[in-house]
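Shown next, in C-alpha cells, is the structure this report addresses.
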Amino acid sequence: MIFLGRPLALRGRVSIWEQPEGDGYSLHLVERGLILELDGPEMNELAEAVTAALAHRAEPESDHDRIRRLQVLDARVRSFVQRAKHPGPESA
C-alpha cells in the first residue's frame, strides 16, 4: 500500500498516516489490509475510545453488565432464528 501523506506512527501491525490534503488521517491495519480514512474529530474520538476501553478492560465485569450482554446476545440469536425460519421477500 502506498500512502502519499506523512507517517505519524508505525507500531507493529498498525500505521497512521497524515493525509496530504486537509486534516484527515489514514489508519492502516497492515495484516488485515484494512484502511480507515478518519477526520480530525474522529481520530480524537477513536483515541479516547481506545484509552477508555483499555482502562475499562482491567476492571471486572459487573453482574448488571454481564446480564445485559447476555440479553443482547439472546435477542440477536432469536432474531437470527426467526429470520431463518421465516425469510422475507428481500432474501428470495
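Since every read-out is calculated from the coordinates, none of them should be taken as a lab result. Predicted, not measured: the structure shown is a model, and the values here were computed from it.
Annotations for the structure displayed:
- Candidates Leu29, Leu54, Leu70: whichever shows maximal mean-square fluctuation once the chain is modelled as a Gaussian network with Cα springs under 10 Å: Leu70
- Volume per residue for the range 27-92 equals 187 cubic angstrom (convex hull of Cα atoms).
- If the convex hull is drawn through the Cα atoms of the range 1-60, its volume per residue in Å³: 90 Å³
- Crossing angle, helix 63-85 versus the chain [Cα axis fit, 0-90 degrees, rounded to tens]: 70 degrees
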